[in-house]
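Novice: I have a structure here, written as structure tokens, and I will follow up with some questions on it.
The values are calculated or read from the model by the stated rules, or taken from the named source; none is laboratory data. In this text, all values refer to a predicted model and were calculated from it rather than measured experimentally. Positions of Cβ are backbone-derived with ideal geometry, glycine not excepted, and every protein chain shown enters the neighbour counts. Remember, those area values only see protein heavy atoms, side chains included, never the ligands or the DNA or RNA. Shrake-Rupley method; radii C 1.70, N 1.55, O 1.52, S 1.80 Å.
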Amino acid sequence: MSTITGFACNNPKEDLRPFSYEAKPLAAHEVALQITHCSICHSDIHLIDNDWQVSRYPFIPGHEIVGTITALGDDVKHLQVDQRVGIGWQRSSCHRCDQCVARNEHFCMRQQATCVGNHGGFADGIAAIDSAFAIPIPDYISSAHAAPLLCGGITVFSPLKVHGVTTGTKVGVVGIGGLGHLALQFATAMGAEVTALSGTASKATEAASFGASHFIDLNDATAMRKATSSLDVILYTASGAVALSKMLALLRPHGKVCVISGSTDLMQATPNEFLMGEKSVVGSMIGPPARIAEMLEFAARHNVLPQIESMPLAQVNDALAKVRNNQARYRMVLEVSGKAT
Ligand SMILES: [Zn+2]
Ligand SMILES: [Zn+2]
């Protein structure tokens, strides 16, 4: 395939329009894909709107991509044509710096993002993908369910692993949305005792269906007081602001609040709220390719599945509107080929 056809954004906040471009020839370490599915991450909305001042137009968004390999560069020996693979936020790294050598490729300063300065996955294909970032999908996961795991899934799985969540760890998940509903499932599957925290009390039943043992309404002062010093790790996934001091109060000694959402009003707390109990606030963003592969295997083994709603790629603007209006339950998946896999 040399011509790739998809939907591009021409100006900030505008609807996407049909768009074609010529794919670059493959370098020796690269692969090209025919895309079957691409789900919508909140970061796609930020890029369309140029919220981070890094967007160059026109560009095709999309970085939760599943497809099959159509072509391999000469040096790619570990993948095959027709193999099913996924691509997440990152499409390449330098493979030479200290971070790459330590297998922390997601910290590489010379990495490229899948759809920043490049065309992404709301299209029938994608080329020039560093083969290290084309991750094989386990047979047991459908392509539609695999897509949201490639960014949303690793975003919650990685901090749970890095911060040692295991049997008996008391985990809190703030926000029950695209990230939160996966965090509840992963943490439960790791053996943690999981508490869902949300400002929407009606989400308690759904949270339980994703494995949460407890539910706390963030607006219920009595329930919040009762939960003081009860959690080891809190994953902050909410898009709305919840005061950091409220979350620190829920932590046990040496507990951590892990921020994986870019909420702005979050960071208000006094020194004593950290000092007492030696608590930490940490960040996390995606994960290296080996951990993405581990996450996919874990999801397949423990039946961790995103809750999805599918639409044809041609309805991309309707799907984006649902994400913008918080109507997605919980991840919108664009079907590119119409194949029901
Ligand atoms: Zn994303
Ligand atoms: Zn590097």
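Novice: Could you give the length gained by full extension between residue 98 and residue 75, i.e. 0.36 nm per residue of separation minus their alpha carbon distance, to one decimal place?
Specialist: Result for the pair: 6.0 nm of gain on full extension.
Novice: Mind checking which aspartates and glutamates have their Cα closer than 18 Å to the Cα of residue 322? Skip sequence neighbours fewer than 8 apart in that chain.
Specialist: By straight Cα distance, residue 322 reaches 14, 15, 44, 49, 64, 309, 335.
Novice: Given the pairs 203/279; 246/279; 203/256, which are separated by over 21 angstrom at their Cα positions? All intermediate terms of the calculation are to be shown ahead of the outcome.
Specialist: Values: 203/279 28 Å; 246/279 13 Å; 203/256 24 Å.
Table pairs above 21 Å Cα-Cα are 203/279; 203/256.
Novice: While we're looking at this one, here's another question. Between segment 295-341 and segment 1-70, how far is it from one alpha carbon centroid to the other, in angstrom?
Specialist: Rounded to whole Å, the Cα centres lie 16 Å apart.
Novice: If you don't mind, another one. Below 8 Å between Cα atoms, with a sequence gap of 6+, how large is the relative contact order for segment 154-224 in percent?
Specialist: Reported as a whole number, the value is 28 percent.
Novice: For the chain, what is the relative contact order in percent, using Cα pairs closer than 8 Å and at least 6 residues apart in sequence?
Specialist: That works out to 18 percent.
Novice: On to the next question. For segment 120-125, just list the computed ³J(HN,Hα) in residue order, Karplus coefficients 6.51, -1.76 and 1.60, θ = phi - 60°, integers in Hz, with x standing in for Gly and Pro.
Specialist: Rounded to whole hertz, the list is x, x, 7, 6, 8, x.
Novice: Gap in Å between the Cα centre of segment 110-139 and the Cα centre of segment 231-253?
Specialist: Taking the Cα centre of segment 110-139 as reference, the centre of segment 231-253 is 33 Å away.
Novice: Moving on. Place the peptides 119-125, 165-171 in order of packing, highest mean first, counting for every residue the other Cβ atoms within 10 Å and averaging per peptide.
Specialist: 119-125, 165-171
Novice: Beyond 17 Å, what share of the Cα-Cα pairs of segment 15-71 is found? Please give it as a whole percent.
Specialist: 53
Novice: When only C-alpha pairs under 8 Å and at least 6 residues apart count, what is the relative contact order of segment 46-179, in percent? If you can, show how the numbers build up before the last one.
Specialist: On the way: 175 pairs, mean separation 36.5, N = 134.
Answer for segment 46-179 is 27 percent.
Novice: List the residues, sorted by chain then number, that are 5 or more residues from residue 129 or on another chain and whose placed amide H is less than 5 Å from its amide H.
Specialist: 31
Novice: Along the charge dipole of the chain, Cβ charges K/R +1 and D/E -1, which of 151, 181, 117 sits furthest on the positive end?
Specialist: Value computed over the given set: 181.
Novice: Mind pulling the angle between the C-alpha long axis of helix 180-189 and the longest principal axis of the chain? Nearest 10 degrees, somewhere in 0 to 90.
Specialist: With rounding to tens, the tilt is 80 degrees.
Novice: So what is the calculated 222 nm ellipticity per residue for the chain, using -39500 (n - 2.57) for each DSSP H run with n of 4 or more, over all residues, to the nearest 500 deg cm²/dmol?
Specialist: Taking each H run of at least 4 residues, the total per residue is -6500 deg cm²/dmol.
Novice: So how compact is the chain: Cα radius of gyration and Dmax in angstrom?
Specialist: Expressed in Å, the Cα Rg and Dmax of the chain come to 20.0, 63.
Novice: Let me ask something additional. What three numbers, in Å, describe the spread of the alpha carbons of segment 158-221 along their principal axes, ordered from the longest?
Specialist: Largest first, segment 158-221 extends 29, 23, 17 Å along its Cα principal axes.
Novice: Let me ask something else. Would you kindly find the accessible area of residue 68, with a 1.4 Å probe and non-protein molecules such as ligands, DNA and RNA excluded, rounding to the nearest 10 Å²?
Specialist: Taking all protein chains as shown, residue 68 has close to 30 Å².
Novice: Using a basic spin-label model with each label point 7 Å from the Cα along Cα→Cβ, how many nm lie between residue 241 and residue 208?
Specialist: Here the modelled spin labels are 3.4 nm apart.
Novice: What dipole magnitude, in Debye to the nearest 20, does the chain give about its Cα centre under +1 on Lys/Arg Cβ and -1 on Asp/Glu Cβ?
Specialist: Details: 26 positive and 29 negative charges, 122 e Å.
Taking the Cα centre of the chain as origin, the dipole is about 580 debye.
Novice: Quick one: with all protein chains in place, what share of the accessible area of segment 115-261 is carbon or sulfur, to the nearest percent (1.4 Å probe)?
Specialist: 52
Novice: Take the solvent-accessible surface of the protein heavy atoms, probe 1.4 Å, and return the percent of it on segment 3-97 that carbon and sulfur atoms account for.
Specialist: Within segment 3-97, the accessible surface is 49 percent carbon and sulfur.
Novice: For residue 59, which sequence-distant residues (separation of 5 or more, or a different chain) have an amide H within less than 5 Å of its own amide H, given hydrogens modelled in the peptide plane?
Specialist: Under 5 Å from the amide H of residue 59: 9.
Novice: Determine the order of 93, 202 by accessible area, beginning with the largest, at a probe radius of 1.4 Å. The partial results should precede the final answer.
Specialist: Values: 93 15, 202 95 Å².
Output order, biggest surface exposure first: 202, 93.
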